[in-house]
Amino acid sequence: MTGCAVVGIYNTRQARALDRTSESLLLEAVVGALDDAGLRIEDVDGVSAPLQDHLLYDLACGPAWVGAKMGIAGVMEAAGAIATGQCTTVVLASAQAGQYVERDSTAPWTRPESEFVAAWGLFTAAEFALVARRHMHRFGTTSRQMAEVAAIIRNNGHVNPAAVYYGRGPYTADDVLSSRIIADPYHLLDCATTSEGGCGIVVTSLARARSLRQRPVVVLAGGADHFGPSYRYPPSFDLRGRRPEELAANGWVGAIAGRRAFGVAGLRPQDVDVCELYDSFSFELIRQLEALGFCPPGEGGPWVSAARLGPGDELPITTDGGTMSYSHPGGVPNLMQRITRAVEQLRGTCSTNQVAGAEVALCTNGGSGAMFLDVMLLGVDR
Amino acid sequence: VTPAFPVPYVAAIVDLDEGWQMVSNVVECPLDGVDIGLPVEVRFVAHKDITVPCFRPVRPVSAEEQG
């Protein structure tokens, strides 16, 4: 237990293209998240907006603590600052509009520029494909199993009126498999999209949270497994460092962080009611479920095929449609939105795909072809 | 991806006999013939401004042979 809670969340409208500036979206996200929490800007003594670090100045709420990390890592950093008495209430916000106009492609903010990968035509989808292809080779995982996962997430977005791709389905695994190849084994519908939007989150102490407007969502535990800088080195499934643990390999990134988080929270994977997993590419869901201990390493393909992950199933995943369908605004609402969705699930306020009685949610942020995975467990206040 | 890379092309991580791995492209091989574990050797490929090490099969591979 960190002794901290998420008390405010807000997402602006999300769209392929918004006729807005990142700055106006950012301010809307801050105001929206504070309003959701029932707090005023005067109550804030911590600000975390790493890619828009002028926010603190613009809000004129300094001197204040400032965060440097993003998404889940940003919330864990804020919780640590609150727990160590550096501040009491942190607003985290990010927004993106008008910057990435290369709309035909996935996540244009992630292009590798290193001379050691760019010279051979690696790009985002190809980096993730290297990891997926290795898993297929070692364990017999199939393109159809990946497509089934993509169809579940895209259908979650299909029914979500707030999703960028609302009403664009429903999709079957065959639809995914018949979309054009981007980087084998990934088809177009195995990949995240690109869109615009803003997101805000407010974190404070659990003691203060209990006097606020919303049912507190407790930050139970978190962790971060990283292998190195994004898009500089290739993600190599079997790459190992100096760590002795069996699962301390690049292909299982997240396994150590996940086990630590479950240990701190005193929970097991079977205690999780809903997983808001970061869905950059379809295989990444299979990989994360294995790494986090939901199924044995290597068995994720058949495991996800057994009708476990959809609405009403034993472990609903990425219930708003995720980056494949809900929204994928880079820098970094995309990372924060797994948290806001998990909070909605635990408040019981999702307008679509609400998991009945959800008490524990797990969310993840990952990327750069599985070079990192951040993990966070959230729970209702007991 | 830039127009410098006409599709399809094969991006791969190559295990070197010296004990390292590197990213490269598999060249001079039909797409269906590329498989994990395929023995390859270096083949320097010249582009307009740069020459980069790529890898081709040690033995020529036909698509029929690999299925």
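Bin all alpha-carbon pair distances of region A:311-364 at 5 Å intervals from 0 and give each bin's fraction as a whole percent.
Bins of 5 Å from zero give 4, 20, 32, 25, 13, 4, 1 percent of pairs.
Using a 10 Å cut-off around each Cβ of peptide A:59-71, what is the average number of partner chain Cβ atoms that fall inside?
Numbers: counts 0, 0, 0, 0, 0, 0, 0, 0, 0, 0, 0, 0, 0.
The mean count of partner-chain Cβ atoms within 10 Å per residue comes to 0.
R0 = 60 Å: FRET efficiency of A:Ala60 with B:Val58, Cβ-based, nearest 0.05? Don't jump to the answer; show the numbers that get you there.
Working: r = 67 Å, r/R0 = 1.11.
Given R0 = 60 Å and the Cβ-Cβ separation, E is 0.35.
So what is Rg over Rh here for region A:113-195, counting just Cα atoms and using Kirkwood for Rh?
Working: Rg = 14.4 Å, Rh = 13.9 Å.
With Rg and the Kirkwood Rh in hand, the quotient comes to 1.04.
Give me the Debye-computed log₁₀ of I(q)/I(0) at q = 0.18, 0.23, 0.29, 0.30 Å⁻¹ for region A:44-84, equal point scatterers on Cα only, no solvent, two decimals.
-0.45, -0.71, -1.01, -1.05
With +1 on each Lys and Arg Cβ and -1 on each Asp and Glu Cβ, how big is the dipole of region A:1-96 about its Cα centre, in debye rounded to the nearest 20? Let's see the in-between values first.
Values: 5 positive and 11 negative charges, 59 e Å.
Its charge dipole is roughly 280 debye.
Under the √(5λ) rule applied to the eigenvalues of the Cα gyration tensor, what semi-axes describe the equivalent ellipsoid of region A:260-382? Give them in Å, descending.
On the way: eigenvalues 71, 64, 46 Å².
Listed largest to smallest, the semi-axes of region A:260-382 are 19, 18, 15 Å.
Just to compare against my own numbers: the Cα pair-distance distribution for region A:19-62, 10 Å bins, whole % per bin, please.
Per 10 Å bin, starting at 0, the Cα pair percentages come out as 26, 60, 14, 0.
Hey, for a label at A:Arg16 modelled as a point 7 Å past Cα toward Cβ, could you say which residues of region A:179-210 have their backbone N under 14 Å away?
A:193-196
Report, as an integer, the average count of C-beta atoms from other chains found within 10 Å of each Cβ along A:149-162. Present the calculation step by step, with values, prior to reporting the outcome.
Numbers: counts 0, 0, 0, 0, 0, 0, 0, 0, 0, 0, 0, 0, 0, 0.
Per residue, the average neighbour count from other chains is 0.
Measuring from the lowest to the highest alpha carbon on each principal axis, how far does the protein assembly as shown reach, largest first, in angstroms?
Per principal axis, max minus min of the Cα coordinates gives 72, 46, 46 Å.
Kirkwood hydrodynamic radius, region A:163-204, all distinct C-alpha pairs: what's the number in Å?
Numbers: mean 1/r = 0.0784 Å⁻¹.
With all distinct Cα pairs of region A:163-204 included, I get 12.8 Å.
Using just the Cα positions, wrap region A:43-157 in a convex hull and report its mean projected area in square nanometres, one decimal place.
Projected area, direction-averaged: 11.7 nm².
Within region A:108-127, whose backbone N sits under 20 Å from a point 7 Å along Cα→Cβ of B:Gln21?
A:112-127
Readers should treat all values here as calculations from the given coordinates under stated rules, not as data from a laboratory. In this text the structure is predicted, and so the values were computed from the model without any measurement. Cβ sites come from the backbone with ideal geometry, for glycine too, and all protein chains shown count toward neighbours.
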